[in-house]
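Notes for the one structure printed next.
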Amino acid sequence: MERAYLKPNEERRLLRGHAWAFRNEFKSLPDLSDGDLVDIYSDKKRFVGRGFYQAEGGIAVRVLTRRQTGIDASFFAKRIGRAKALRDIVTPDINVYRWAHGESDGLPGLIADRYGSVVSINTTCRFYAGWQQTIADAFLSYTDITGVRFVAPGGVSVFGDAPDTQPVEIGGLRFEIPFAQAQKTGLFLDQLNNVFAMRPLAANARVLDGHCYYGLWSCHAAAAGADTVLGVDTSAPAVEQARRHAELNNAGDVCRFACGDVAEVLEDAEPYDLIILDPPALAKSKAHFGKAMGLYQSLNRDAMRALKPGGFLITSSCSQQVDRTAFEEMLKRAVRTAQREAVMLRFAGAGADHPVSLAMPETAYLKCVTLQIR
């Protein structure tokens, strides 16, 4: 096993459980190919962890284990089994959930979501591309899993029976996941608990679902008794799929969808009772932080102005660079510039199927805030 040595004192964060060893923390790196296994040592030659090398980006090594254990089929089966045991407890009687949540489940850089009998995996790490069959076999060892779809560097691989479009039921509603055109693994499952929490606010409401994607929020708002729902997204295929989902759930008369810019819709809007903002990550790196906060502020300001007094705003950020404090400060500024008043009713992250590593605050990336605007 090749060894990589850290600079003095750079091992402290890793020994506390963080799974990322950054390139500038190493005193030296051996000649490695992307995805090679490597052992990390402190400058005093203390073993720190075993992980895999990444040739590009600031993260040089993602730590898989803090023991000198073998990385083999048994290793992956145990990690996947441990993750499944947790979901059996926190998501009972549900077959749509995040099965493996990267660093928090000891598989850094790997996301696996379950959609009924199919597991959809997404990773940008070449290391996992070399272990596709082994990882797929671990998921397929469960009798209620019939197929695995694996998106990794090099392309898409399908193991077992994984159809192009997978029907699922979420909260009593029907959806279809068109894997080939979908973002990430198919749906954004981190918002499921927040979607369910939204339902009481939607009754008899005029609703705007900004960044609607496949209409998950829209359909649940309609099912909760909304008078009208407008879903907006910049992706034409996503809008078409949202329409399909509304029809599947007999909500075609309540929901309508438009391809466009949410900011422009808000400018011309009649007052709404409920607005949902769930934009893509606007701050993908520290360099984008300032611009992203400006975009978040203007978007939320316009949404606040477009709400009736006493209306509700559900607003989210999935930007890892934006922590809770920064998000709340942005909302305070948005309230001031909108010349409205607001009270916070709920602050939430993702559900329990998206566990947060205490050693890695980065894994608590989702912020979802419910406000009443007065």
Sites Leu37 and Asp227 - FRET efficiency at Förster radius 51 Å, r taken between beta-carbons, to 0.05
0.35
Per-residue counts of other Cβ atoms within 10 Å, averaged by peptide: what ranking do you get for 136-144, 48-56, highest first?
48-56, 136-144
As a test of the definition: which semi-axes, in Å, follow for the chain when you take the square root of five times each eigenvalue of its alpha carbon gyration tensor? Largest first, please.
39, 26, 16
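Determine the gain in length on full extension of the stretch Thr124-Lys44; use 0.36 nm per residue of separation and subtract their C-alpha separation, reporting nm with one decimal.
Values: separation 80, 0.36 × 80 = 28.80 nm, distance 3.24 nm.
Using 0.36 nm per residue and subtracting the Cα-Cα distance, I get 25.6 nm.
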Between Gln133 and Ser235, what is the label-to-label distance in nm when each label sits 7 Å out along the Cα-to-Cβ direction?
3.2
Give the cross-link partners of Lys291 among the lysines, using a straight C-alpha distance below 23 Å as the criterion and excluding same-chain residues fewer than 8 apart.
Lys332, Lys367
Kindly work out what percent of the DSSP beta bridges joining two residues of the chain are antiparallel, to the nearest 5.
65
Separation of region 102-119 and region 246-264 by C-alpha centroid, Å?
30
How much of the pair distance distribution for region 188-373 lies past 22 Å, counting alpha-carbon pairs only, in percent?
43
Hits in region 215-250: amide N under 16 Å from the 7 Å Cα→Cβ extension of Ala263, namely 233-235
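Quick one: which of 200-209, 186-195, 32-41 comes out on top by average Cβ neighbours within 10 Å, and what's the full order, highest first?
On the way: 200-209: 20.5, 186-195: 22.2, 32-41: 17.0.
Going from most to least packed, we get 186-195, 200-209, 32-41.
Between Leu345 and Ser74, how high is the FRET efficiency from 1/(1 + (r/R0)^6) when r is the Cβ-Cβ distance and R₀ = 51 Å? Nearest 0.05. Could the numbers behind the result be given before it?
Numbers: r = 47 Å, r/R0 = 0.92.
Computed FRET efficiency for Leu345 and Ser74 comes out at 0.65.
FYI, it's all coordinate maths here, none of it is from the lab. Everything quoted here is computed from the prediction, not taken from an experiment. Here the Cβ is made from the backbone with ideal geometry for all residues, glycine too, and neighbour counts use every protein chain on show.
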